[in-house]
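The values are calculated or read from the model by the stated rules, or taken from the named source; none is laboratory data. The structure displayed is predicted, hence computed values, not measured ones. So basically every Cβ, Gly included, is an ideal-geometry build from the backbone, and we count neighbours across all protein chains shown. Accessible surface is based on the protein model in full, side chains and every heavy atom, while ligands, DNA and RNA are left aside. Shrake-Rupley method; radii C 1.70, N 1.55, O 1.52, S 1.80 Å.
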Amino acid sequence: TPRRADIGVMLLRQLRMFARLRGKIAINVADGIPTLYKGGDRAEIIWTDDDIQAFTAAAVKLERHQVVDGLRLASLTGLRRADLVSLTWQQVGEFAIIKKALKASKKRRRRMTMPRIPELDSLLEELRHRPRKPGVETVLVNSKGNSWSGDGYGGSFNRIRDAAHIVHTDDETGEERPKHLHDVRGTFCTKLCSETDLTNKEIADIMAWSPDRVENIRRVYVDDARIVVAIGERIAASSVNRSVNQRRGRDGK
């Protein structure tokens, strides 16, 4: 596949870099090879409320209610799949979720601190009462009361997503791509932008993103939406004022 080909080129580039630094070769001919995979730029893809509702309806139809718990938790924490299924109640603090990420960034496992927003508090209270087997301390559990494995949850998630036909449509090409669980992190970012007074830099630190990426999501999904709402309010107010003036004109006559 294009993605596996790109990974192969990357490994070849690193191997030849190793050889060049030790004087085995003069140049690294793998440098500058363009990538084939075009689906890597997903900065503007998020799950909307309509997506989440469609996913929930499909999960209920397939009797996979527990999978919805993971989607809701991801949208309120921004956790990646591996951290989502391994999150334990001990890592849920009074004001924040504090967890060491399972995925290393720059060869270091980052310590994540996700603030608890009011909507998350309500969800956690629900999840505490899910049937679980003795000794199971993970926040999420499957239908048997056991902890999810990453692949187990990911496979179930994708089946429901495909059943609900949840896709991102490219504005320019019209190409459809399935939305990923990872894209739900963008949904959490929009919540931080719209429901808190955190700056782009503070949100970027929470998400382990660049401030520019947060600014882009804020512009596309938060600020533009507020502008549309404001325009709608102005139109409605103008319509009301025009109606009042018309009635006054008739009464005056």
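Cβ-Cβ contacts under 8 Å between residues 6 or more apart (or on different chains), taken from a first residue in the stretch 209-223 that is in contact (Cβ under 8 Å) with a residue 40 or more places away in the chain to a second residue that is in a loop (DSSP other than H, G, I, E, B) and open to solvent by less than 40 Å² (accessible area, probe 1.4 Å), are listed as ARG213/ALA43; ASN216/ALA43; ILE217/ALA43; ILE217/ILE46; TYR221/ILE46.
Within the stretch 61-68, identify whether any single residue is part of a loop (DSSP other than H, G, I, E, B), out of contact with any Phe, Trp or Tyr (no Cβ under 7 Å at 6 or more places or on another chain), surrounded by fewer than 13 Cβ atoms within 10 Å (Cβ to Cβ) and modelled with pLDDT of 90 or more, and answer yes or no.
Restricting attention to the stretch 61-68, the residues satisfying the condition of being part of a loop (DSSP other than H, G, I, E, B) are 62-64.
Now restrict to residues that are out of contact with any Phe, Trp or Tyr (no Cβ under 7 Å at 6 or more places or on another chain): 62-64.
Of the ones still in play, those that are also surrounded by fewer than 13 Cβ atoms within 10 Å (Cβ to Cβ) are 63.
Applying the additional criterion that residues be modelled with pLDDT of 90 or more yields 63.
Taking every residue of the stretch 61-68 in turn, at least one turns out to be part of a loop (DSSP other than H, G, I, E, B), out of contact with any Phe, Trp or Tyr (no Cβ under 7 Å at 6 or more places or on another chain), surrounded by fewer than 13 Cβ atoms within 10 Å (Cβ to Cβ) and modelled with pLDDT of 90 or more.
I want to confirm something. Restricting to the stretch 110-147 and keeping residues that are open to solvent by less than 20 Å² (accessible area, probe 1.4 Å), assigned to a loop (DSSP other than H, G, I, E, B) and at pLDDT 95 or above, which single residue is nearest to LYS100 (Cα to Cα)? The selected residue is VAL139. On the basis of being part of a helix (DSSP H, G or I), open to solvent by less than 40 Å² (accessible area, probe 1.4 Å), at pLDDT 90 or above and of a type in the set (A, V, I, L, M, F, W, C), does PHE55 make the cut? Spelling it out, PHE55 is indeed part of a helix (DSSP H, G or I), open to solvent by less than 40 Å² (accessible area, probe 1.4 Å), at pLDDT 90 or above and of a type in the set (A, V, I, L, M, F, W, C). Of the candidates HIS182, HIS168, the single residue that is part of a helix (DSSP H, G or I) and modelled with pLDDT under 95 is HIS182. The number of residues in the stretch 73-94 that are of a type in the set (Lys, Arg) and surrounded by 21 or more Cβ atoms within 10 Å (Cβ to Cβ) comes to 1.
Take the residues of the stretch 1-38 that are among the charged types (D, E, K, R) and within 24 Å of ARG177 (Cβ to Cβ): which is surrounded by the most Cβ atoms within 10 Å (Cβ to Cβ)? Step through it out loud before you land on a result.
Our first condition is that a residue be among the charged types (D, E, K, R); within the stretch 1-38, this holds for 3-4, 6, 13, 16, 20, 22, 24, 31, 38.
Adding the requirement that they be within 24 Å of ARG177 (Cβ to Cβ) leaves 3-4, 6, 38.
Details: ARG3: 13, ARG4: 10, ASP6: 16, LYS38: 11.
Here the answer is ASP6.
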